[in-house]
Structure formats: C-alpha cells, structure tokens
Amino acid sequence: MPELVFFSGTMDCGKSTLALQIAHNRDARGLQGVIFTRDDRAGAGKLSSRLGLVTEAVEAPEGMDLYAYLVAQLSKGGKADYVIVDEAQFLAPEQIDQLARIVDDLGLDVYAFGITTDFRTKLFPGSQRLIELADRIEQLQVEALCWCGARATHNARTVGGHMVVEGEQVVIGDVNTAPEVVGYEVLCRRHHRRRMTSASAQAGALSPDVLPVGQG
Ligand SMILES: [Zn+2]
C-alpha cells in the first residue's frame, strides 16, 4: 500500500541527507521520483544537505497545486514512482491534503521531511496537517545535540547569538550563519525555556555576575 510518511526532526538532524539517500536508493533500482522543496538553503529548485550533496528539485511555492502538478507530469508521459517533499513544514495545509491525494488517487508513496515546531515551540501549519494525515510518522534517529550535550528537541531563532521569541513564523536562516543576522540553533527544552544559546552560555561563563544562580 502506498503511504504518506512524515519524517520529522529538529533543524540540523539530517533530514535532507536522508531525503537524498531515499532518492538515491530508489533511483538505483530504476525508480524515478519527483522531489519538491521550498526555500532550500542552496536556492530555488534545489535539495541540498549539510553534508554537501545537492540534487535538482521542483520548487513548490505558495499556491502551487502539487497533485495537479503530478497529474500534468504523468499525462505528458512523464514517469513518477514516488514523491519526496523537503522543508514540508513550509507547505500550506491544503498542499499537505494534495500530498494525501497523490498517495490515495495516484498510488504513489510520498515521503515528507520537515521540522514539527517553530522557534516559539508552536506547530507549523503544514506539519500539523502532516501529523493529522500521515499514515506513519518517523522521528529521525540521527539526533542533533544542544550545546550542553543533551538531545536537542527545539529550534531557537537567534539574532546576534541571542534567542528571540517574537517575530514572523517563517524567516529563512540557517544554523552556522553570521551571528549578527537571523540564525537558528537547536537546543534541549531546558535551555530553550531559559533562552540559553551557546553564545549566551559562553558569555555567562565569562562574567560570573550574570550566571543564572539557583537554576542549575
Ligand atoms: Zn541544553
């Protein structure tokens, strides 16, 4: 039975790498996939991983009907055996419904990769819809780590190294960006709740008077 599978994890946990690996394994068996992505770090129409691999993809902007795209491709004689969607959290809920329709009406497996929650720990609408509709949800096993060494479960947005909790839900940035611009850092829940990034932890260690006494 074809399935809609949601592979979820934090930023920096290897989602895009796994997406590329799944595509590679199927291509090696002669299967052909359609890869959708949105706002990839390598630019429009790319699926890239932090490990340096890049492949061509179809940019899925707001308002694009993903089901209609597949139907058009197939009726033009194109081949599609499976569908991969990276950065699926950025899709609109109705686009997730279109993915379910691709599974049910076209009989294709759809593998969607995304972050579940935003920098304020709230579900992205696209991820919420995936949780509601997916046949299966897989939590990625390659886990990112917080600066303290604990398993990182939350995405923090930073400006100048400091965690911010106000702002638009979607601001494109990345981990390891220049610190004065908007960046992201994965943290454990404890340090997300305390708004303690690696930069602020370091600053705290250097000036004992600002150590959060009694919160150890
Ligand atoms: Zn931590």
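Selection of the range 30-58 for residues being at pLDDT 85 or above, under 15 Å from the mean Cα position of the chain (by Cα) and among the polar types (S, T, N, Q) yields only 37. The condition (being at pLDDT 90 or above and of a type in the set (Val, Ile, Thr)) is satisfied by just one residue among 213, 186: 186. Pairs are defined by a Cβ separation below 7 Å, a sequence spacing of at least 6 or placement on different chains, a first member in the range 68-96 that is basic (Lys, Arg), and a second member that is open to solvent by 50 Å² or more (accessible area, probe 1.4 Å); the pairs so defined are 79/32. Which members of the range 109-120 meet the condition of being over 19 Å from residue 36 (Cβ atoms) and either open to solvent by 10 Å² or more (accessible area, probe 1.4 Å) or of a type in the set (Asp, Glu) (or both)? Listed by number, the residues that qualify are 117, 118, 120.
Scan the range 58-67 residue by residue and report those that are open to solvent by 30 Å² or more (accessible area, probe 1.4 Å) and either in a loop (DSSP other than H, G, I, E, B) or free of Cβ contacts under 8 Å to residues at least 24 places away in the same chain (or both).
Step one: filter the range 58-67 for residues open to solvent by 30 Å² or more (accessible area, probe 1.4 Å), giving 58-59, 61-65, 67.
Correct list: 59, 61, 62, 63, 64, 65.
For the range 71-87, the criterion of being surrounded by 15 or more Cβ atoms within 10 Å (Cβ to Cβ), at pLDDT below 95, within 21 Å of residue 126 (Cβ to Cβ) and among the acidic types (Asp, Glu) is met by at least one residue.
For the range 29-76, which residues satisfy the criterion of being among the charged types (D, E, K, R) and in contact with an Asp or Glu (Cβ under 8 Å, 6 or more places away or on another chain)? Talk me through it step by step, then tell me what you get.
Here is the first cut: in the range 29-76, the ones among the charged types (D, E, K, R) are 29, 38-41, 46, 50, 56, 59, 62, 65, 76.
Scanning the range 29-76 gives 38, 39, 40, 41, 46, 50.
Here residue 96 meets each of (1) open to solvent by less than 20 Å² (accessible area, probe 1.4 Å); (2) out of contact with any Lys or Arg (no Cβ under 6 Å at 6 or more places or on another chain) with one exception, condition (2).
When 123, 145 are checked against the criterion of being within 16 Å of the ligand (Cβ to nearest atom), in contact with a strand residue (DSSP E or B) (Cβ under 8 Å, 6 or more places away or on another chain) and either among the aromatic types (Phe, Trp, Tyr) or open to solvent by 20 Å² or more (accessible area, probe 1.4 Å) (or both), a single residue qualifies: 145.
The values are calculated or read from the model by the stated rules, or taken from the named source; none is laboratory data. Keep in mind it's a predicted model, so treat the numbers as computed, not measured. Please note: Cβ atoms are built from the backbone with ideal geometry, for glycine as well, and neighbour counts cover all protein chains shown. Note: accessible area is taken over every heavy atom of the protein model, side chains too, but ligands, DNA and RNA are not part of it. Shrake-Rupley method; radii C 1.70, N 1.55, O 1.52, S 1.80 Å.
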